[in-house]
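Inspection log for the structure reproduced underneath, given as structure tokens.
The values are calculated or read from the model by the stated rules, or taken from the named source; none is laboratory data. Remember, predicted model here, so these are calculated numbers, not experimental data. With ideal geometry, Cβ positions are generated from the backbone for all residues, glycine too; neighbour counts draw on all protein chains shown. The protein model used for the area step is the full one, side chains on, heavy atoms only, and it has no ligands, DNA or RNA in it. Shrake-Rupley method; radii C 1.70, N 1.55, O 1.52, S 1.80 Å.
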Amino acid sequence: MIHYTQDSIRDTLSVKPSKTQSVGFVPTMGALHRGHLSLVEKALSENTVVVVSIFVNPTQFDNAGDLNKYPRTLEDDATLLQTVSKKILIYAPSAEDLYGNKVISKKYRFGGLEHAMEGKYRNGHFDGVGTVLNLLFRAIKPNKAYFGEKDFQQLQIVKKLVSIEKLPVQIVGCPILRAPNGLAMSSRNQRLTKTQFEGAAEIYNILKQAKEDFKTLSIAKVKALAEARFSRHDFLALEYFEIANAADLKTAQRKRKGNNYRAFVAAYAGEIRLIDNVSLN
Ligand code: AMP
């Protein structure tokens, strides 16, 4: 069953609350794929109730075209979730139900995490993400919430958000699911042509090569080789290739013992923006 309002989902969650009830929450923007389902399955294995929200959040888009063309497939999403478990509760609110009559972002400071990469290239994106998640967490009151490492920067920011907003929820990070050709699964992949889908596999090939190169080469060299390989690609247009410290997402200049590094990519296939990342060590 799909709940369209906070009142409706709250009523259902409070029918049989017990001391042992644990609510797992998976926030999504819908057009669900196996990557989303992996989060849902983990949530089902760790909680007595699981809520999946499906809401294309307008305040995290700085590009109206991207927002308008974002795939919306609520009926199919609900059917897919039913095949995983009939117990899943779906919350698919309107913007008004979640935000009230002012659909605007709060301004956040995430300790600098918000300035790098996605924050630099998508104006106001993390204020929008923080705002919608704060509203969702207050509506659902989950014990645990599940986020993909596909959006690694978002995952770090959500951890910061719950400490800023003092929300009693545990944030659980989950690994990236990939298509058989290596492309990270994404709702946006639905919009790729067959040629774009096949060619975009190069994003993960370049990330894997970077991981290999990272064993022996300097950070500057790894980055230069990856950027050069993107520039030779038929149609992928690289927005950024960054090597950053996994903890604070600051651009890494030199390898230091004990630090974890990740490589991050944003690239366009036509007008579709794709992101991916891997751990380097
Ligand atoms: P979205 O619907 O794109 O906002 O994603 C909802 C959640 O699913 C986020 O926590 C994403 O990081 C996660 N997610 C999206 N794609 C994948 C994937 N390929 N593997 C794992 N998690 C994913």
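A few remarks follow.
- Checking each residue in the stretch 147-173 for being within 11 Å of the ligand (Cβ to nearest atom), more than 23 Å from TYR70 (Cα to Cα) and touching a Leu at 6+ places or on another chain (Cβ under 7 Å) picks out only GLY173.
- The condition of being at pLDDT 95 or above and in contact with a Gly (Cβ under 8 Å, 6 or more places away or on another chain) holds for only one of ALA200, ALA179, ALA184, ALA252, that being ALA184.
- Qualifying positions in the stretch 36-51 - open to solvent by 10 Å² or more (accessible area, probe 1.4 Å) and either of a type outside the set (S, T, N, Q) or in contact with a strand residue (DSSP E or B) (Cβ under 7 Å, 6 or more places away or on another chain) (or both): HIS36, LEU37, SER38, LEU39, GLU41, LYS42, LEU44, GLU46, ASN47, VAL49
A quick yes/no check of all residues on (1) open to solvent by 40 Å² or more (accessible area, probe 1.4 Å); (2) of a type in the set (Asp, Glu):
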residue: GLU212; (1), (2): yes, yes
residue: ARG256; (1), (2): yes, no
residue: ALA266; (1), (2): no, no
residue: GLU271; (1), (2): yes, yes
residue: ILE275; (1), (2): no, no
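- Identity of the residue in the stretch 19-36, of a type in the set (Gly, Ala, Ser) and touching a Leu at 6+ places or on another chain (Cβ under 8 Å), that ends up nearest to the ligand (Cβ to nearest atom): GLY35
- Residues within the stretch 174-196 that are surrounded by 17 or more Cβ atoms within 10 Å (Cβ to Cβ) and either of a type in the set (Val, Ile, Thr) or away from the ligand (no atom under 11 Å from the Cβ) (or both), tallied: 4
- All of (1) within 19 Å of ARG10 (Cβ to Cβ); (2) near the ligand (Cβ under 9 Å from one of its atoms); (3) surrounded by fewer than 18 Cβ atoms within 10 Å (Cβ to Cβ) hold for ILE54 with one exception: (3).
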